[in-house]
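Enquirer: Questions regarding the structure given below will be posed in turn.
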Amino acid sequence: MNWWMILERNKELPEGWIRTGLESISMIILGQSPSSSTYNKEKHGLPFFQGKAEFGEIHPTVRIWCNAPKKIAEKDDILISVRAPVGSTNISTETCCIGRGLAAIRVLEMADMMYVFYHLRHLENHISQKGTGTTFKAITGKQLRSVKLSLPPLNEQKRIVSRLESILARIDATRANLEALASKASSAQGSLAQLKSSVLKQAFEGRLVPQDPDDEPVEKLLRRIREGSKDVTFEKEDLPEGWVRTDLQNCTDILDNKRIPINLSERSKRQGKIPYYGATGQVGWIDEYIFDEELVLLGEDGAPFLDHSKNKAYLISGKSWVNNHAHVLRAISTVLSNKFLHHFLNQFNYHGFVTGTTRLKLNQSQMKTISILIPPLNEQKRIVSRLESILSGIDAKQKELQILEERLKSVPDSFYMLRSSILKQAFEGRLVPQDPNDEPASVLLEKISSKQSQKT
């Protein structure tokens, strides 16, 4: 073969570089899959690689062996995926069998194998775009052999590889450190969520603040309500001193009948300064209000009832409008504070109270029967004060971690872009200085051609 037919001098390349086809500096072996009856996991025969599925970061992982290989790759051959997907590369660590999803690129001894490997990594997207096919993309041997490389003098190839590996090692180490930090942040979020649940549990079991025997027992307060319009029932067995257990309907006013839903189209015509609330918080603004007081809103449908780390209830005050996706509750102030109720509803276990699969619903009849533990009013205030002090610290830490996690999400893309930029510089001759004493790549190619001719 006349190697000069495939050699291109490019004015944009540094002195001593050439553009040439992959086949001019390597032997390319297309894979061929043997009969599946020859596959085994008992390590009989050669390791068998079928495609990218076995690829690692640099080297493939052996999963099966083949005792009747058809196509063989040698140690240090570059393995390239030629079918679904196209272009991914690894380096063989031993003699192995390759299936039709791979080709082996055996770099000739007068070129640097690692230089070719990194160059192919740089060209991965370009090679992938050459793939054709309807069911899956693939490239032919002819297409692979015609892939063009920028080839510097051999000594410069080695300098580029050395510099590349130094830079890429630092990039990989930094990436690993940041991934470890992301893992720690995620773990810390989980720990904070558990701490929050633990604090809330202690609060509503009477273990967060001490009881005060001078506090007026809730039992007396509930009896007063019973004397009015409500038929109140309660329990006090196995509870802290002064506490009672009763249904939510006994200690709250349920204002659901005052809710008015308005669709988005109508709201767009009634823009104002009044908050418009739904299942999990404010969802817009409107020009009028239904309520003008402090209330507790509890999701009716669409709230994360079974996720202990997320809120199901929230506290609002002032003028507001509420749609029919949130229950509207007002604590009976002589017995219960809205703030205490709000925290209680966020730690309550809603299993058995909600229905549905994709969108959970807490209907009013079920909500009314939620069993709430109520301490004396003064103790409620102490509990809320202590809770809010602790939870504000936890929430602040969770917010910090959330910001960190959001920033770390962009790390993979940033490192990919950085690696791509470094590889681009390397194969444009901008990563290491040229040495005028290096033997030009054109001379190297002649030597390769001459040696190959002698073999044939």
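Rule-based calculations on the coordinates, nothing more; no lab input. Since this is a predicted model, take the numbers as computed values, not measurements. Cβ sites come from the backbone with ideal geometry, for glycine too, and all protein chains shown count toward neighbours.
Enquirer: In region 90-153, which GluC sites (Glu not before Pro) are in a loop and have at most 15 other Cβ atoms within 10 Å, using DSSP for the loop call? Could the numbers behind the result be given before it?
Expert: On the way: sites: GLU94, GLU109, GLU124; in loops: GLU94, GLU109.
Counting only loop positions with at most 15 other Cβ atoms within 10 Å, the GluC sites (Glu not before Pro) in region 90-153 are GLU94, GLU109.
Enquirer: Relative contact order, percent, of the chain when contacts are C-alpha pairs under 8 Å separated by at least 6 residues? If you can, show how the numbers build up before the last one.
Expert: Values: 802 pairs, mean separation 77.4, N = 456.
That works out to 17 percent.
Enquirer: Can you compute the equivalent ellipsoid semi-axes for the chain, i.e. the square root of 5 times each eigenvalue of the Cα gyration tensor, sorted largest first and rounded to whole Å?
Expert: Ellipsoid semi-axes (Å, largest first): 72, 24, 22.
Enquirer: Sort TRP321, TRP65 so that the residue with the fewest other Cβ atoms within 10 Å of its own Cβ comes first and the one with the most comes last.
Expert: TRP65, TRP321
Enquirer: Taking the number of other C-beta atoms within 10 Å as the exposure measure, put LEU102, LEU164, LEU208 in order starting with the fewest. If you can, show how the numbers build up before the last one.
Expert: Numbers: LEU102 32, LEU164 23, LEU208 17.
Result, fewest neighbours first: LEU208, LEU164, LEU102.
Enquirer: Any number yet on Rg/Rh for region 216-374, C-alpha, Kirkwood?
Expert: On the way: Rg = 16.5 Å, Rh = 16.5 Å.
Across region 216-374, the Cα-based Rg/Rh ratio is 1.00.
Enquirer: Here's a follow-up. Quick check on region 278-319: take the gyration tensor over C-alpha atoms, sort the square-rooted eigenvalues as a ≥ b ≥ c, and tell me if it's rounded (a/c under 1.5), prolate or oblate. Present the calculation step by step, with values, prior to reporting the outcome.
Expert: Working: a/c = 2.98, a/b = 1.95, b/c = 1.53.
Verdict is prolate for region 278-319.
Enquirer: Could you name the lysines whose alpha carbon sits less than 29 Å from that of LYS447, not counting residues in the same chain fewer than 8 places away?
Expert: Correct list for LYS447: LYS11, LYS71, LYS75, LYS142, LYS148, LYS158, LYS424, LYS455.
Enquirer: Sticking with this structure for a sec: Let's test this: bin the Cα-Cα distances of region 64-121 at 10 Å from zero up to the farthest pair and state each bin's percent.
Expert: Per 10 Å bin, starting at 0, the Cα pair percentages come out as 23, 54, 21, 2.
Enquirer: Follow-up question, since we're still on this one. Can you give me the Kirkwood hydrodynamic radius for region 306-456, using every pair of distinct Cα atoms, in Å to one decimal?
Expert: Numbers: mean 1/r = 0.0442 Å⁻¹.
Hydrodynamic radius (Kirkwood, Cα pairs) of region 306-456 is 22.6 Å.
Enquirer: When only C-alpha pairs under 8 Å and at least 6 residues apart count, what is the relative contact order of region 178-297, in percent?
Expert: Here the relative contact order equals 13 percent.
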